Amino acid sequence: MPSIFTPLPAEVDRKSPGTGGKPPVDRRPTGGGGGGGDDDWHSSRRGPREQLYKIRAFVFCALAGDMMFFVVLVMLFYARQAGTHLDAGLMRQVGDWKPVLLPPILFLNTAALLLSSLTIEIARRHIFREIDVLEEWLGLGAPALRRTLPWIAATLALGALFLAGQMTAWKQLTAQGFAFNHWSTPASYFFYLVTGLHAAHLVIGVLALGFCLVALSKLRRVEARQIAVDATAWFWHTMGLAWMVLFAVLVMGQ
């Protein structure tokens, strides 16, 4: 992040007491082109660091709500797994949960998503590399941009690969006779529900990555590029963590 400059303390006229002079008065800088009034001096503009923290806080609050939503899904998953019904022939409560064999491609999808978290983190670190950012501020080139773009593109490709793998898993599960509307197998219903909602969130992440690719080449301000990449990276990491939890629940819950 570029350094945040603070104005020097205002010069103070000090008069010796008892001489009838005026009390100490702050000389407020007027500056050129801003009108030179006290309104300009009192106005406080947020710097790049404050903007980054503000957007980060907004992203974290939104993601916290999403994570709570996934927690509720996990609780419903285990509650439904423990559900029973009355068997008229046996005259006792029996469970109706039929385990579903998870498609093996889900393990490859998980590996691709973990790798994408690594690539987006590398991109985030490159966009904040101080030496490269300083060169861009001085107009000596765009090294941070050149280093970041390939890793963003790699993350986008891995995200698209994950979504394609999820679609393949759904087709394989349907071919086994476990369709989404197959109410006799609640395990498959929850599988589609959990993986589908996560995939919908990841589609938003893929769109954000596409926006980053465009924004990095269009935005002129270095701090604007940093904020775009940083917010997208935190969203992507959260979706990766959510998938690891959901995938573990699906594997152990079956």
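The values are calculated or read from the model by the stated rules, or taken from the named source; none is laboratory data. Because the structure is predicted, anything quoted here is derived from the model rather than measured. Cβ coordinates were reconstructed from backbone atoms using ideal geometry, including for glycine residues, and neighbour counts include every protein chain displayed. Protein only, heavy atoms only, side chains kept; ligands, DNA and RNA dropped before computing areas. Shrake-Rupley method; radii C 1.70, N 1.55, O 1.52, S 1.80 Å.
Details
- On inspection, Ala228 does not qualify as open to solvent by less than 30 Å² (accessible area, probe 1.4 Å), of a type outside the set (Phe, Trp, Tyr), without any contact (Cβ under 8 Å) to a residue 40 or more places away in the chain and part of a loop (DSSP other than H, G, I, E, B).
- Taking the listed residues Phe162, Phe190, the one that is open to solvent by less than 50 Å² (accessible area, probe 1.4 Å) and either more than 24 Å from Ser117 (Cβ to Cβ) or not in a helix (DSSP H, G or I) (or both) is Phe190, with no other qualifying.
- If the condition is being surrounded by 16 or more Cβ atoms within 10 Å (Cβ to Cβ) and either modelled with pLDDT of 80 or more or in contact with a strand residue (DSSP E or B) (Cβ under 7 Å, 6 or more places away or on another chain) (or both), then the range 86-104 contributes Leu102, Pro103.
- Qualifying residue in the range 196-208 (condition: more than 25 Å from Phe107 (Cβ to Cβ) and part of a helix (DSSP H, G or I)): yes
- Among the residues of the range 209-225, those identified as open to solvent by less than 30 Å² (accessible area, probe 1.4 Å) and either modelled with pLDDT of 85 or more or not in a helix (DSSP H, G or I) (or both) are Leu209, Gly210, Cys212.
- Looking across the range 73-85, just one residue is open to solvent by 70 Å² or more (accessible area, probe 1.4 Å) and at pLDDT 80 or above, and that is Met75.
- Check on Gln172, over 17 Å from the mean Cα position of the chain (by Cα) and part of a helix (DSSP H, G or I): yes
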